[in-house]
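Visitor: Here it is, the structure, as structure tokens.
The values are calculated or read from the model by the stated rules, or taken from the named source; none is laboratory data. This is a predicted model, so every value here is computed, not measured. All Cβ positions, even for glycine, are placed from backbone atoms using ideal geometry, and neighbour counts span all protein chains on display.
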Amino acid sequence: MSTLSKFQAYMTGRKALLPLALGLSALSALAGMAPFILIWFITREFLTIGASSQSLINTYAWWAAGLAIASVIIYYGALLSSHLVAFRVESNMRRLAMKKVINMPLGFFDNNTNGRIRNIIDDNAGITHSFLAHQLPDLAGSVVMPLTAITMIFAFDWHLGLACMIPLIISVFLLKTMMGKKSQDFTRKYMNALEKMNTEAVEYVRGIPVVKVFQQTVFSFKNFNKSIIEYKELVIECTRLWQLPMSAYTVIINGFTFFLVPAAILLIGYSGNYGTVILNMFLYVLITPVFSHCIMRSMYISQAMEQAAEAIDRLENLTASATLPKPSKPQKIKTSDIAFHNVSFSYPEANKKAVNDITFDIQPGQTVALVGGSGGGKTTIARLVPRFWDVTEGEVCIGGVNVKNIAHKDLMKHISFVFQNTKLFKTTLLENIKYGNHNATLSEVNRAVDLAQCREIIDRLPDGLNTKIGTEGTYLSGGEQQRIALARAFLKNAPIVVLDEATAFTDPENEHLIQEALKKLSEGKTVLMIAHRLTSVVDADKILLINEGKIAEQGTHYELVRKNGIYTKMWNEYQQSVKWTIGKQAVSIML
């Protein structure tokens, strides 16, 4: 499908304006060429002064001025039409892309950073706007003007016309060499480098607080700086590649007089008609620069077309990821038990299974913990329950119903999440907590705040629950943000709770409070939890030790310890690490 055909899909209701813009642009070009002919007529009347010369000169002058003004007005109409199309395309691209992104599986956002998504949707939509609003209407004029000019130069004097065509032919050849496959490859590399640089910039700015806390400013800047250097080197390489052909092109396209004047001298010597030859040469001096203008404009249009094509391809590739299929006849969840039946899962484009033939169940009210080394598949297993991804083989069931047959809204209603990386929005604490339940009353919110051990956070803020996060210097620590996220989960009051290392990045004080809150949150709920601190899973009804995507061991804490297997080794190592102390000499050095 051509680039213009792709754009038409986004022109809803305004498709007719694009050919109108092209037609008006062509008409404007014709009107803009007419004054050149009229100036030639005025010059001829000056050279052949007669009784009616003054009257004709006035008439030609008024027509030249009128057509010049008409050309501007018509071109304004062309741009008005093209801008209406461009705004519709740009808004539709953003709207439809965001609609598709919102319907993507939650796992999609693990593979695509916020910066990359924003860059592809926002910036690329802007690139297409510039092309449709400005460059595309100029395409019609860039075709009409040189055709009209060629007709004129051969109509008046074909000898001089041939002389004018020599530099034009050479210029077109040079232009073709510059705008060939190398140009397309550069456009692709340029867009990649620009996307990478913008993505790194967004992620760097968003991560500045964390960067400063861990004193990693220089280290974290390296990726951003590297993307800037790569972008700079790519542009310099391209500039050097085009340096010689562009210099030659500029000299030749603007040096048409070096061909025109010798041809005129030869014609004068051959025909002896000074007046006609000089008059025609004067017309060509006026008209020939039009070619230079049109060729440069064509080059910019070609470049803009390549960028617009690359932009729309990138946007459509981003949104081409398969959305989770919706069940044709959704089934209701009646109980909160969870069951994995021979579940296997591979990430897109991965050669190895992240989860391999997993089978286990969690009865209503039970707590099952997943433990094991990093990268073993624990988080993947937990995220298959709320359909971050769909399983490759087997099935995940809630209440005996395959999660694929449960409406997404109903599925989300029955599951609360508490992840290690929390996300608070730049709005009030009240609004942040009410994301758990938008219909909750203030008393219900306050109850959730108390259960989540957040009361002291709220009380020390001047505006309490109405305090806005991220404004006027109001920020919360990681542990405090985690407690606010827990308040959301309490307010949602879902029968199933998924905990993904909820205390991984918290300080000891916040960890204690969060653990107390988690105990209350888990009461009477079906809980699937992931933990690295083994003390937090001692009381779990069942522990699954995950290794390389498989269940290596399972049982209660005491059963696994007695097995003298992998879990026993992990437990012993953990117990030893708890007893580690800092010697007096090390303390004195630290002080």
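Visitor: Restricting to segment 303-324, give me the number of residues that are at pLDDT 80 or above and in a loop (DSSP other than H, G, I, E, B).
Guide: Number satisfying all stated conditions: 0.
Visitor: Name the residue that is farthest from Asp541 (Cα to Cα), counting only residues in segment 348-373 that are small (Gly, Ala, Ser) and in contact with a Gly (Cβ under 8 Å, 6 or more places away or on another chain).
Guide: Checked segment 348-373; the qualifying residue farthest from Asp541 (Cα to Cα) is Ala354.
Visitor: Name, by its number, the condition in (1) under 33 Å from the mean Cα position of the chain (by Cα); (2) under 24 Å from Gly555 (Cβ atoms); (3) in contact (Cβ under 8 Å) with a residue 60 or more places away in the chain that does not hold for Leu384.
Guide: The failed condition is (3).
Visitor: Return yes when Ala149 is touching a helix residue (DSSP H, G or I) at 6+ places or on another chain (Cβ under 9 Å), within 30 Å of Leu18 (Cβ to Cβ), small (Gly, Ala, Ser) and modelled with pLDDT under 80 and no when it is not.
Guide: Answer is yes for this residue.
Visitor: Given the condition in a helix (DSSP H, G or I) and touching a Pro at 6+ places or on another chain (Cβ under 6 Å), answer yes or no: does some residue in segment 86-97 qualify?
Guide: Start the filter on segment 86-97 by keeping residues that are in a helix (DSSP H, G or I), which leaves 86-97.
With the extra rule that they be touching a Pro at 6+ places or on another chain (Cβ under 6 Å), the set shrinks to none.
The answer is no, given that none of the residues of segment 86-97 is in a helix (DSSP H, G or I) and touching a Pro at 6+ places or on another chain (Cβ under 6 Å).
Visitor: Please go through segment 394-429 and pick out each residue that is surrounded by fewer than 18 Cβ atoms within 10 Å (Cβ to Cβ) and either of a type in the set (A, V, I, L, M, F, W, C) or not assigned by TED's automatic domain parsing to the domain that holds Ala485 (or both).
Guide: Answer for segment 394-429, where residues must be surrounded by fewer than 18 Cβ atoms within 10 Å (Cβ to Cβ) and either of a type in the set (A, V, I, L, M, F, W, C) or not assigned by TED's automatic domain parsing to the domain that holds Ala485 (or both): Ala407, Met412, Phe425.
Visitor: Give the number of residues within segment 519-578 that are crowded, with 16+ Cβ neighbours inside 10 Å, of a type in the set (A, V, I, L, M) and closer than 18 Å to Ile362 by Cβ.
Guide: The qualifying residues number 14.
Visitor: Moving on to the next point. Is it the case that Val391 is crowded, with 21+ Cβ neighbours inside 10 Å, at pLDDT 85 or above and not in a loop (DSSP other than H, G, I, E, B)?
Guide: No: the conditions fail for Val391.
Visitor: How many residues, within segment 247-267, are in a helix (DSSP H, G or I) and more than 18 Å from His159 (Cα to Cα)? First the steps, then the outcome.
Guide: Going residue by residue through segment 247-267, those that are in a helix (DSSP H, G or I) are 247-253, 257-267.
With the extra rule that they be more than 18 Å from His159 (Cα to Cα), the set shrinks to 247-253.
Summing the residues that are in a helix (DSSP H, G or I) and more than 18 Å from His159 (Cα to Cα) in segment 247-267 gives 7.
Visitor: Another question, if that's okay. So if I check each of Thr422, Thr379, Thr359, which one is closer than 21 Å to Ala517 by Cα and either touching a Ser or Thr at 6+ places or on another chain (Cβ under 8 Å) or not aromatic (Phe, Trp, Tyr) (or both)?
Guide: Result of the check over Thr422, Thr379, Thr359: Thr422.
Visitor: Let me ask another. So which residues in segment 430-444 are surrounded by 21 or more Cβ atoms within 10 Å (Cβ to Cβ) and not small (Gly, Ala, Ser)?
Guide: Matches in segment 430-444: Asn432, Ile433, Lys434.
Visitor: Could you go through segment 467-477 and let me know if any residue there is within 19 Å of Ile514 (Cβ to Cβ), within 31 Å of the chain's Cα centre (by Cα), hydrophobic (A, V, I, L, M, F, W, C) and not in a helix (DSSP H, G or I). Steps first, answer last, please.
Guide: Start the filter on segment 467-477 by keeping residues that are within 19 Å of Ile514 (Cβ to Cβ), which leaves 469, 475-477.
Filter once more, so that each one left must be within 31 Å of the chain's Cα centre (by Cα): 469, 475-477.
Next, from what is left, pick out any that are hydrophobic (A, V, I, L, M, F, W, C): 469, 476.
Those left that are additionally not in a helix (DSSP H, G or I): 469, 476.
Within segment 467-477, one or more residues are within 19 Å of Ile514 (Cβ to Cβ), within 31 Å of the chain's Cα centre (by Cα), hydrophobic (A, V, I, L, M, F, W, C) and not in a helix (DSSP H, G or I).
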